[in-house]
Amino acid sequence: MSLRKEKEGWSEAPVGVFDSGVGGLTVAREIMRQIPNERIVYFGDTARVPYGSKSKETITKYSRQIVHFLQEQQVKAIVVACNTASAYAMEEIERELDIPVLGVVKPGAKVAAEVTRNGRVGVIGTEGTIKSQIYTTYIKEMNPEIVVQGKACPLFVPLVEEGFWKDPVTDEIAARYLGSLIDSDIDTLILGCTHYPLIRSTLGRIMGEKVTLVNPAYETARELKELLTAENLLNKKGQGLGNNRYRFYVSDMADKFQIFANSILKYGILSARKINIEDY
Ligand code: DGL
């Protein structure tokens, strides 16, 4: 056991959550809902987003820098709230850390393997996540019989960031992307990118009610609670009301981040601080 874990009050330390930008806020939002006593330090890499079109080497380098920054903030656990970073950098991060770390891919894959009835699962995500085949690998580990079909949907991220959550343009693009998945008769669809829960109603409508949508953000918050409980790290003390439990950092465009965050979080963000992530 590390010295830090033995430190008094360590369970009251914050959880570090990071993403390439705003998408991971859907994961932070679920953590706020499901384990409201937890403090959060969030980092959004807004200077270097998107991660979805970059190489494994680059994403691993970025993720390691962010983990160093979060460790400096004395976090007790880290949630990699980005599918692309979870797909490419988890092993490297796990090797480096002596605190619990959780990605979004494994929890999503686990639930999909459990809920599919016909053994046909679809996954949508960034080019990186789909290319890595990480969801397929995890699902097949749990049940080799399940057929997994991936589809990269690169236009969804900019549409969500533009606020086109309920818009005919998004409907049209979603219908094109999802056509091949509908044809292949999947009964479960993993929303394998942190932005996608924000267009969940559009995706659900196009896939039809027979298809179960799996939101890894929800499953990750649930697993985080289990993990913290098992490690005796669950924060049992309320840390005051509302947004003073949450701190936000970005690598660029703090104002824009703040506006987006305030549109999806229950608690208004008082400030998002810009840091130079290249220093880490
Ligand atoms: N947050 C990223 C993910 O979940 C999507 C945005 C990006 O490409 O950076 O994969």
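The values are calculated or read from the model by the stated rules, or taken from the named source; none is laboratory data. Predicted model only: the values in this text are computed from it and were never measured. As a convention, Cβ positions derive from the backbone with ideal geometry for all residues, glycine included, and neighbour counts pool all protein chains shown.
Scanning for something of a type outside the set (Val, Ile, Thr), at pLDDT 95 or above, closer than 27 Å to THR136 by Cα and under 19 Å from the mean Cα position of the chain (by Cα), does segment 179-191 turn up at least one residue? Yes, the conditions are met somewhere in segment 179-191. For segment 161-172, a residue qualifies if it is within 16 Å of the ligand (Cβ to nearest atom), in a helix (DSSP H, G or I) and among the hydrophobic types (A, V, I, L, M, F, W, C), but none of them does.
Among residues of segment 113-132 that are without any contact (Cβ under 8 Å) to a residue 40 or more places away in the chain, those with a beta-carbon under 7 Å from a residue that is more than 10 Å from the ligand (Cβ to nearest atom) and assigned to a loop (DSSP other than H, G, I, E, B) at least six positions away or on a different chain give the pairs ALA113/ASN143; ALA113/ILE146; GLY119/GLU145; GLY119/ILE146.
The set of residues in segment 182-201 that are buried (at least 23 other Cβ atoms within 10 Å of the Cβ) and of a type in the set (Lys, Arg) is empty.
Exactly one residue among PRO107, PRO100 is farther than 30 Å from LEU181 by Cα and away from the ligand (no atom under 13 Å from the Cβ), and that residue is PRO100. Out of ARG33, ARG48, report the one residue that is of a type in the set (D, E, K, R), within 16 Å of the ligand (Cβ to nearest atom) and surrounded by fewer than 21 Cβ atoms within 10 Å (Cβ to Cβ). Result: ARG48 is the single residue among ARG33, ARG48 that is of a type in the set (D, E, K, R), within 16 Å of the ligand (Cβ to nearest atom) and surrounded by fewer than 21 Cβ atoms within 10 Å (Cβ to Cβ).
Taken together, the criteria place LEU224 among residues that are hydrophobic (A, V, I, L, M, F, W, C), within 30 Å of GLY119 (Cα to Cα) and out of contact with any Phe, Trp or Tyr (no Cβ under 6 Å at 6 or more places or on another chain). For segment 26-69, the set of residues classified as part of a helix (DSSP H, G or I) and closer than 15 Å to LEU224 by Cβ consists of THR26, VAL27, ALA28, ARG29, GLU30, ILE31, MET32, ARG33, GLN34, listed by residue number.
Mind telling me which of the residues GLY208, GLY204, GLY238 ends up being among the small types (Gly, Ala, Ser), surrounded by fewer than 19 Cβ atoms within 10 Å (Cβ to Cβ) and modelled with pLDDT under 95?
After ruling out the rest, the residue left standing is GLY238.
Give the number of residues within segment 111-135 that are among the hydroxyl-bearing types (Ser, Thr, Tyr) and more than 16 Å from the ligand (Cβ to nearest atom). Residues flagged as among the hydroxyl-bearing types (Ser, Thr, Tyr) and more than 16 Å from the ligand (Cβ to nearest atom) within segment 111-135 amount to 1.
Of the strands (runs of 3 or more DSSP E) lying entirely inside segment 180-280, those containing at least 2 residues that are within 16 Å of the ligand (Cβ to nearest atom) and either in contact with a strand residue (DSSP E or B) (Cβ under 7 Å, 6 or more places away or on another chain) or of a type in the set (Gly, Ala, Ser) (or both) span 188-192, 212-214, 246-250. Among the criteria (1) at pLDDT below 95; (2) within 24 Å of TRP10 (Cβ to Cβ); (3) not acidic (Asp, Glu), the one GLY163 does not fulfil is (2). What are the pairs, 6+ residues apart or on separate chains, where a residue within segment 176-189 that is under 14 Å from THR202 (Cα atoms) has its Cβ under 6 Å from a residue that is assigned to a loop (DSSP other than H, G, I, E, B)? Sorted first by the residue in segment 176-189, then by its partner, the pairs are TYR177/CYS153; LEU189/VAL211. Considering only residues in segment 106-127 that are farther than 15 Å from LEU227 by Cβ and within 14 Å of the chain's Cα centre (by Cα), the one that is surrounded by the fewest Cβ atoms within 10 Å (Cβ to Cβ) turns out to be ILE124. Filtered by the rule that a residue be surrounded by fewer than 20 Cβ atoms within 10 Å (Cβ to Cβ) and part of a loop (DSSP other than H, G, I, E, B), segment 74-104 gives GLN74, LEU97, ASP98, PRO100. So the check is Cβ under 9 Å with 6+ separation or different chains; which pairs have a first residue in segment 32-48 that's over 23 Å from PHE69 (Cα atoms) and a second one that's surrounded by 22 or more Cβ atoms within 10 Å (Cβ to Cβ)? Matching pairs, first to second residue: ARG33/ALA221; GLN34/ALA221; GLN34/LEU224; ILE35/VAL15; ILE35/ALA221; ILE35/LEU224.
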